[in-house]
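Encoded as structure tokens, the structure appears first; notes follow it.
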Amino acid sequence: MKTFLTMKQLGAGLLGRGGRWLALAACGLFLASCGEEPAKTPGGAAAEAGGGAKKKQIVVGFSQIGAESGWRTANTESIQSEAKKRGIKLLFSDAQGKQENQINALRSFIAQGVDVIAFSPVIVSGWEPVLQEIKKAGIPVVLTDRAVDAKDDTLYATFIGSDFIEEGHRAGEWLAKATGGKAVIAELVGTPGAAPAIDRKKGFEEVLAKNPGMKIIKSQSGDFNRTKGKEVMEAFLKSPEAKQITALYAHNDDMALGAIQAIEEAGLKPGKDIVVVSIDGVRGAFQAMADGKLNCTVECNPLIGPQLFDAVEALLAKKTLPKRTGVMESVYEQSQAKEALPNRKY
Ligand code: AHR
């Protein structure tokens, strides 16, 4: 197992607090999907301070992308459980994969006057107007997991998440080593326009540029979910180029697991006839490696709840944060799967 830590410290971008204004259009709709009840722990922000005076409870609005993958479910669980542990009130909204729903949720958080807004943006573009609204309201923003392509980096205080380009490098380097630099590759891409889809492709292709014996002959989005991953792989295997495919690179484990099913249904052996490398490191991927059907998973750690709320508390204490913080991640192969499986947390 190889372990990596990415940490880029580019300076702080704390936002000042100004007057709030209401952006109510989507609020009624949104309210149905939010409202994690806070736990009042003895040491938490909701606890009563000495002398019976109540300490103000921290309120955080979090807009999640959806529940498209095992990774996402683990990420949501990490954020919800950490908020509960710290006595932070979490207004949680599930955008069901739609940017429009995320923007509505962010406007609703402004209207409710939360202390901090956090979100994992479904795609990279189109966030400036709503981020400007949040800035005017004086609410600090923490980006988790996925970045935005906003030119003005004062529109958010900090980003916490993985280096997706590096994950693409790791997947490509593993495949180059495993195949001696010779592979005819089918690629299952993530959600179009999403940071991990763009960057994982870029990182992987940078490795291919140094390995002329490796080429991608099929590439299509499977939208980061198992059903579409299976459908797209079925189509790849019915195409005229099907017989040439020796390797599959999937931008996440869920798509790889769907594709593995398609490969088996086509009468081939995943992990042998077609070498499979993917990204995330979910338990299902470890099981597939233990079964010899997946060859490698590059870890992308979703358990960032503690880092998120450390950042929230630091921002509210007016501390300076790095503009970007990475997470600890590893690369796992079949030979490590059985031993690692019982200890996987997601
Ligand atoms: O943004 C992280 C990616 O999103 C994960 O790799 C994928 O499984 C999820 O849907």
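Scan the stretch 117-149 residue by residue and report those that are within 16 Å of the ligand (Cβ to nearest atom) and farther than 18 Å from R324 by Cβ.
Here is the first cut: in the stretch 117-149, the ones within 16 Å of the ligand (Cβ to nearest atom) are 118-125, 127, 142-149.
Within the stretch 117-149, V122, I123, S125 qualify.
Those residues that are more than 12 Å from the ligand (Cβ to nearest atom), open to solvent by less than 40 Å² (accessible area, probe 1.4 Å) and either in the same structural domain as A67 (by TED's automatic domain parsing) or free of Cβ contacts under 8 Å to residues at least 60 places away in the same chain (or both), I need them from the stretch 173-209; list them, please. The answer is A176, G181, G203, F204, V207, L208. Residues of the stretch 107-149 that are small (G, A, S) and in a loop (DSSP other than H, G, I, E, B): G113, S120, S125, G126, A137, G138, A147.
Check whether at least one residue in the stretch 215-225 is among the charged types (D, E, K, R), more than 18 Å from K293 (Cβ to Cβ) and touching a Gly at 6+ places or on another chain (Cβ under 8 Å), and report yes or no. Show your work before the answer.
If we filter the stretch 215-225 for residues that are among the charged types (D, E, K, R), which is where we start, we get 215, 218, 223.
Retained after the next criterion (residues that are more than 18 Å from K293 (Cβ to Cβ)): 215, 218, 223.
Checking which are touching a Gly at 6+ places or on another chain (Cβ under 8 Å) leaves us with 223.
Checked the stretch 215-225: at least one residue is among the charged types (D, E, K, R), more than 18 Å from K293 (Cβ to Cβ) and touching a Gly at 6+ places or on another chain (Cβ under 8 Å).
For Q287, the criteria (1) in a loop (DSSP other than H, G, I, E, B); (2) buried (at least 16 other Cβ atoms within 10 Å of the Cβ) hold in every case but one, which is (1). Listed conditions (1) modelled with pLDDT of 95 or more; (2) farther than 23 Å from K84 by Cβ are all met by L308, apart from (2). Among the residues making up the stretch 72-96, those that are open to solvent by 10 Å² or more (accessible area, probe 1.4 Å) and within 12 Å of the ligand (Cβ to nearest atom) are T73, A74, T76.
The values are calculated or read from the model by the stated rules, or taken from the named source; none is laboratory data. As the structure is a computational prediction, the values presented were derived from the model and not from experiment. Reconstructed Cβ throughout: ideal geometry from the backbone, glycine too, with neighbour counts over all protein chains shown. Note: areas computed on protein heavy atoms with side chains; ligands, DNA, RNA excluded. Shrake-Rupley method; radii C 1.70, N 1.55, O 1.52, S 1.80 Å.
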